[in-house]
Amino acid sequence: MIPSSGPFEASPLPADAVELGRFLDAWGVKGWVHIQPHSADTRALFESPDWFLLPPEARFARGFSAFPGPVRVHVAEIKVHSDGIVARLEGVVDRSGAEALKGARIHVPRSAFPAAADGEYYWVDLIGLDVVNREGVHLGVVRDLIPTGPTSVLVMDYTETVDGVEKTAERMVPFVAAYIDDVDLNARRITADWQTDY
């Protein structure tokens, strides 16, 4: 068990923390861990010197005892390897220490993300935005993004009425310039060239 004092400092999760991935398993014998990122955009993982970790969700936490609650860790090294991303955390010096972290969830404060390039957006900033078409018709609210190779697809929830009963349905729009006219983060709105019957 890794104590929460020392390299794993017990620390509350920041209010703007975003879960970016989890530890899959040990990588090598010198304390490196293999990471499964939740997004193809991994800049925040690479550029944040500190991460906040949470134990795995209850259904995956069987046998996990590295730490009981949120902790802050310092990233000593991180790099792309042929089979994904690997990192070494300060204080984790051998394979058994790395194995103890299996399943732990990695969080970074949104305020620590590097600035996005002009015309680029972090997926976390798009979740919850209203999507309307050029005619002002509400298409839905962004619930998720699905990576599909070089592009992503917005997944939206919207309400429709069937036989007089309202129900939640799903709509998808490719997040590419051909269909997306504007993203206004301040207004929390995306304008798309898309119709309700597509």
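At a glance:
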| quantity | calculated |
| --- | --- |
| Distance from the stretch 27-101 to the stretch 134-198 (C-alpha centre basis), Å | 34 |
| Local electrostatic count, residue 126, Cβ distance below 13 Å [Lys/Arg +1, Asp/Glu -1] | -3 |
| Net charge contributed by nearby residues that have their C-beta within less than 12 Å of residue 154 (K/R +1, D/E -1) | -2 |
| Exposure proxy order (Cβ contacts within 10 Å, fewest to most) of 20, 145 | 145, 20 |
| Summed side-chain charge close to residue 145 - residues other than residue 145 whose Cβ falls under 14 Å, Lys, Arg +1, Asp, Glu -1 | -4 |
| Relative contact order (%) - criterion: Cα under 8 Å, at least six apart; region: the chain | 20 |
| Selected from 28, 106, 42, residue furthest toward positive end of dipole (the stretch 9-112; charges at beta carbon) | 28 |
| Mean shadow area of the chain, taken as a quarter of the surface of its Cα convex hull (nm²) | 13.7 |
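Every number in this text was worked out from the coordinates using simple rules, so none of it is lab data. Note that the coordinates shown come from a computational prediction; the quantities given were computed from them, not determined experimentally. As a convention, Cβ positions derive from the backbone with ideal geometry for all residues, glycine included, and neighbour counts pool all protein chains shown.
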